[in-house]
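See structure below.
The values are calculated or read from the model by the stated rules, or taken from the named source; none is laboratory data. Since we're looking at a predicted model, the values are computed, not measured. Using ideal geometry, Cβ is built from the backbone for each residue, glycine included, and neighbour counts are taken over all protein chains shown. Side chains included, ligands, DNA and RNA excluded: accessible areas come from the protein's heavy atoms. Shrake-Rupley method; radii C 1.70, N 1.55, O 1.52, S 1.80 Å.
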Amino acid sequence: MAAHVLRLRLALLTAALRGEATHVARTVAGLAVVAGAVALACWALLTLDDAPDRVVQTITVLGGSAVTLAFVVAPLVTGIEDPLDPRRFAVLGVAPAPLAGMVSVAGFLSLPVLALVPLGACLVVVWTSHGVPWPLAVLSVVLAVATCVLLARVGFAVAAMVLNERRSRELAGIFLLAVLVVVVPVGVFLASLEWRGRVPAQLADVADILALTPLGAALGTAGVAAVDPGAVWGPVVVAVLTLLVLAGLWVLLVHHMLTTTPRPVAVRERGGLGWFTVTRGTPAGAIAARSLVYWMRDRRYLVNIAVIPVAAALTILPLMVVGVPASVIALVPVPLMALFLGWLPHNDLAYDSTAIWMHIAGAVDGVADRVGRLVPVLLFGVPLLAVTVPLAIWVHGDWNTLPALIGVCTALFLSGLGLSSIASALSPYPVTRPGDSPFQQPQRTGGAAAQALVLIGALLAAVPALWWGWLALTSDPGDTWISLWAGVVAGVAVLLAGVFVGGRVFERASGRLMEFAEAT
């Protein structure tokens, strides 16, 4: 049976080279790109032959942790069906444990895993040149590859059971946003470090921690042996325990998949419910899904989003003209973006036009309405700030001010969202009607007060964070953490209060809001 499964796996791999000419050409081109990337990575690893031991250990542990994490994330993000899904073997009557072993062995015959083989060989060469015994270097590579294979198996199984009904482009987009939020700040931080022939202290600490985690323990086995042979047992134990836990979890998942009948779904994913398949089936989830559809298709929302980075960037020019240092200017645009992002939904009810009747007729809870409408802004604003804050600190040059900038942006953003939740229900004003040009503004007699109050209120809520951030920048760097916590506490408090108060206002003013929608 094991040999039969391996033959099936080889047949699946070679099947990609058969079919239409265009399909084969794309496959060959993809293989060429992968081969080139692997060759480039091998060349980069071999150049570490004469590097210091600490540099080799840090690079291999960090790179190996990233590759291992990719084997976890890829099955969840890509949406590719597992060709070795254990449920396809249910008709053969194979016991769960032997089937789990056979599928795991067949999992080694995949393009990503095969790409790890030459990389592992290069790592063995590099480590042995730094005094690591070759059996230990080979063991480290074998543990790393086996960990990646089992992680991929577990990831595919979890995706098949949990995400099968909810798999969509929208869900993949959320995963990619999460990866972006993590990768960009980390990349900016690494680019800001100065090696000067040695490993920066921050990076060395991260590598030491990762070497004792399931992500980096396998490659950390040989990496630690190159620096401190006496400490090699820690990564070895973690790597072996990780494999045992993953193997046990994989067997349990296979048993569950073979003995459980999937619940039939009324609507197939390809049916086109989009965001409604991602959000929860609650009033807040339904409003969030509808708001996301509006924000991504309505030109009026898109223009508002596009204006925010431009408006924040325009503040740089006058500051440069008056001679403000570039390190100080770098800290200005991001808090302004946070302020405008929080201010953005202050009139979101007006953009619904007469569609507001669905909320009112459905007796939607006011808090659910307020929470659902904030989801698009959070989904856009959090990644944007997560990317731009580290970039601003990189230009500024002092990473000690990072907590203060996070605190200020958190206070401005969350406070703005909380106050906007009140203003949109309390004092909506006319906006461009659906389908009209987003640059065509209707005549109105009100609205300025609501806009100003949200902006001023968010600034007042952020005063403690701004004050302690200024002290951290000019006098005592230790105040940067006070600024962080002051901003987080103020932002969360105003957000929660704003959502609750805005929800009560929405419920009591439903008739007035419907009259407003009909009149405008």
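The rows are residues; the columns are (1) among the small types (Gly, Ala, Ser); (2) closer than 14 Å to MET257 by Cβ; (3) open to solvent by less than 50 Å² (accessible area, probe 1.4 Å).
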position: VAL94; (1), (2), (3): no, yes, yes
position: PHE108; (1), (2), (3): no, no, no
position: LEU111; (1), (2), (3): no, no, no
position: ALA121; (1), (2), (3): yes, no, no
position: VAL132; (1), (2), (3): no, no, yes
position: VAL141; (1), (2), (3): no, no, yes
position: THR147; (1), (2), (3): no, no, yes
position: LEU150; (1), (2), (3): no, no, yes
Within the stretch 470-510, the residues that are of a type in the set (Phe, Trp, Tyr) and in contact (Cβ under 8 Å) with a residue 12 or more places away in the chain are TRP481, TRP485, PHE500, PHE506
Over the stretch 126-140, the set of residues more than 15 Å from ASP49 (Cβ to Cβ) and not in a helix (DSSP H, G or I) is PRO133
Of those in the stretch 355-377 that are modelled with pLDDT under 85 and either in a loop (DSSP other than H, G, I, E, B) or more than 20 Å from LEU426 (Cβ to Cβ) (or both), the residue farthest from the chain's Cα centre (by Cα) is ALA361
The residue from VAL408, VAL431, VAL382 that alone is surrounded by fewer than 18 Cβ atoms within 10 Å (Cβ to Cβ) and either of a type in the set (Val, Ile, Thr) or modelled with pLDDT of 85 or more (or both) is VAL382
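Residue-by-condition table, conditions (1) open to solvent by 50 Å² or more (accessible area, probe 1.4 Å); (2) among the small types (Gly, Ala, Ser):
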site	(1), (2)
ALA306	yes, yes
VAL321	yes, no
ALA326	yes, yes
PRO345	no, no
- Query: Do we find that ALA330 is touching a helix residue (DSSP H, G or I) at 6+ places or on another chain (Cβ under 8 Å) and at pLDDT below 85 in this structure?
  - Reply: yes
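Here is a yes/no grid of residues against (1) closer than 17 Å to GLY372 by Cα; (2) surrounded by 15 or more Cβ atoms within 10 Å (Cβ to Cβ); (3) at pLDDT 90 or above:
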site	(1), (2), (3)
GLY478	no, no, no
GLY487	no, yes, yes
GLY491	no, yes, yes
LEU496	yes, no, yes
VAL499	yes, yes, yes
PHE506	yes, yes, no
ARG512	no, no, no
GLU515	no, no, no
GLU518	no, no, no
Turns out the helices (runs of 4 or more DSSP H) fully within the stretch 1-80 with at least 1 residues that are open to solvent by less than 50 Å² (accessible area, probe 1.4 Å), under 30 Å from SER129 (Cα atoms) and at pLDDT 70 or above are 21-46, 53-78
In the stretch 209-227, anything in a helix (DSSP H, G or I) and either open to solvent by less than 60 Å² (accessible area, probe 1.4 Å) or touching a strand residue (DSSP E or B) at 6+ places or on another chain (Cβ under 7 Å) (or both) is listed as LEU210, ALA217, ALA218, LEU219, GLY220, THR221, ALA222, GLY223, VAL224, ALA225, ALA226
